[in-house]
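J.: Below you will find the structure I want to go over with you.
The values are calculated or read from the model by the stated rules, or taken from the named source; none is laboratory data. Note that the structure is predicted; figures quoted are calculated from it, not measured. Neighbour counts are summed over all protein chains in view; Cβ atoms, including those assigned to glycine, are modelled from backbone coordinates with ideal geometry. For accessibility, only protein heavy atoms count, side chains too; no ligands or nucleic acids. Shrake-Rupley method; radii C 1.70, N 1.55, O 1.52, S 1.80 Å.
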Amino acid sequence: MNQKQLWALRLDQAADQAQAIAQLSLESAFDLNQAYEIQRLNIEERKRRGFPLVGLKMGFTSEAKMKQMGVNDLIWGRLTKDMVLGSGETLALGNFIHPRVEIEVAFRIAKTIDRELQPEECMEYVDGVCAALEVIDSRYENFKFSLEDVVADNCSSAAYVLGDWMPVSENLNRLNMVLFADGELLEQGSSDDILGNPWKSLAAATRLAFKYKETLQPGMVVLAGAATAAHFLKPGMQIKGVVDQLGVCGFQVA
Ligand code: OOG
Ligand code: MG
């Protein structure tokens, strides 16, 4: 077994057992291409454990997120079946290491996408848009990582919650995006904070999926990335996300 496979197994096990590990980059240096290969192998393990691919997610598409995590490039990760949490359901804290939540926009893919799309073309390939909450949980100690580390760790993907699907609207600009915990406002941003427009994030997802040989299939979900910084979850918290015109979603922390 080569080092990439060993690291992929280590990351998969860390996620499965909710046990943090040391940053891989502290053990030896690796580049971004190698990081995406480790991510792919990492998710192969998860598929082997019975959880198929259900979509993709974009990360660091907003200033607020890049600043919070100290990185400066777009990343993408894979969403698997075990990450789905229904709106209104309860999140079991024990399945995670140090989970955080962030407010996002999600797209539902209507037609197979196996090439790079321009933002203007994207609408034709989507049949739903909604408000979303993403739960991220770095498998690294203290939620600290390099860009390569976080990519290998599938971009901290852990769970996500979707609101009701809304009809697709060309204009997704200037939508207020708000994250609440126990009725109190935690974060507020705008859909414009996501690469200037969430459609651009979807176009970037098609470019990266094509580059790394993933096909977006009908029914798959794409998370466009958080508009604001993420917040740690605490026991008993009631989380709600609201996006203007796109609706509401939420969950309860056990
Ligand atoms: C990486 C995941 C970033 C986003 O929406 O920007 C992300 C992390 O912050 O740990 O999901
Ligand atoms: Mg996110």
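J.: Give, in nm to one decimal, the length gained when the segment between D127 and S169 is fully stretched (0.36 nm per residue of separation minus the Cα-Cα distance).
T.: Extra length available between D127 and S169 comes to 14.2 nm.
J.: Given K200/K234; K57/K213; K67/K200; K4/K111; K111/K211, which pairs have Cα atoms separated by over 22 Å?
T.: K200/K234; K4/K111, as the Cα separations exceed 22 Å there.
J.: What is the calculated FRET efficiency for Y212 to S28, with r their C-beta to C-beta distance and R₀ = 35 Å, to the nearest 0.05? Mind dumping the intermediate values first?
T.: Details: r = 23 Å, r/R0 = 0.64.
So the FRET efficiency works out to roughly 0.95.
J.: What relative contact order, as a whole-number percentage, does segment 3-253 give when Cα pairs under 8 Å and 6 or more residues apart are counted?
T.: 28
J.: Still on this structure, please answer the following. Residue farthest toward the positive end of the dipole of segment 179-242, with Cβ of Lys/Arg at +1 and Asp/Glu at -1: which of A204, I194, Q217?
T.: It is Q217, whose Cα lies furthest towards the positive end.
J.: If each of K234 and L185 carries a label point 7 Å out from its Cα toward its Cβ, how far apart are those two points in nm?
T.: In this crude spin-label approximation the distance works out to 2.0 nm.
J.: With a 10 Å cut-off between alpha carbons and a GNM built on the chain, which of F30, F180, F96 moves the most?
T.: Comparing F30, F180, F96 in a Gaussian network model of the chain, the most mobile one is F30.
J.: While we're here: Quick one: with all protein chains in place, what share of the accessible area of segment 3-253 is carbon or sulfur, to the nearest percent (1.4 Å probe)? Intermediate results must be reported in sequence, preceding the final value.
T.: Working: 4880 of 10470 Å².
Roughly 47 percent of what the probe reaches on segment 3-253 is carbon or sulfur.
J.: In debye, nearest 20, what is the charge dipole magnitude of segment 3-253 about its Cα centre with +1 on Lys and Arg Cβ and -1 on Asp and Glu Cβ, if you could check?
T.: With Lys and Arg at +1 and Asp and Glu at -1, about 520 debye.
J.: Ok, one more. Ignoring everything except DSSP H segments at least 4 long, calculate the 222 nm mean residue ellipticity for the chain; use -39,500 (n - 2.57) per segment, divide by total residues, nearest 500.
T.: Only helices count here, giving -7500 deg cm²/dmol.
J.: Between Q17 and V248, with labels modelled 7 Å along Cα→Cβ, what's the label distance in nm to one decimal, could you check?
T.: Rounded to a tenth, the inter-label distance reads 4.2 nm.
J.: Rounded to whole Hz and in sequence order, give me ³J(HN,Hα) for segment 181-193 from the Karplus expression 6.51 cos²θ - 1.76 cosθ + 1.60, θ = phi - 60°, writing x for Gly and Pro.
T.: With coefficients 6.51, -1.76 and 1.60, one gets 10, 6, x, 9, 6, 9, 8, 9, x, 10, 4, 5, 6 Hz.
J.: State in Å² the accessible area per residue of the chain; use a 1.4 Å probe, count heavy atoms of protein chains only, and round to the nearest integer.
T.: 42
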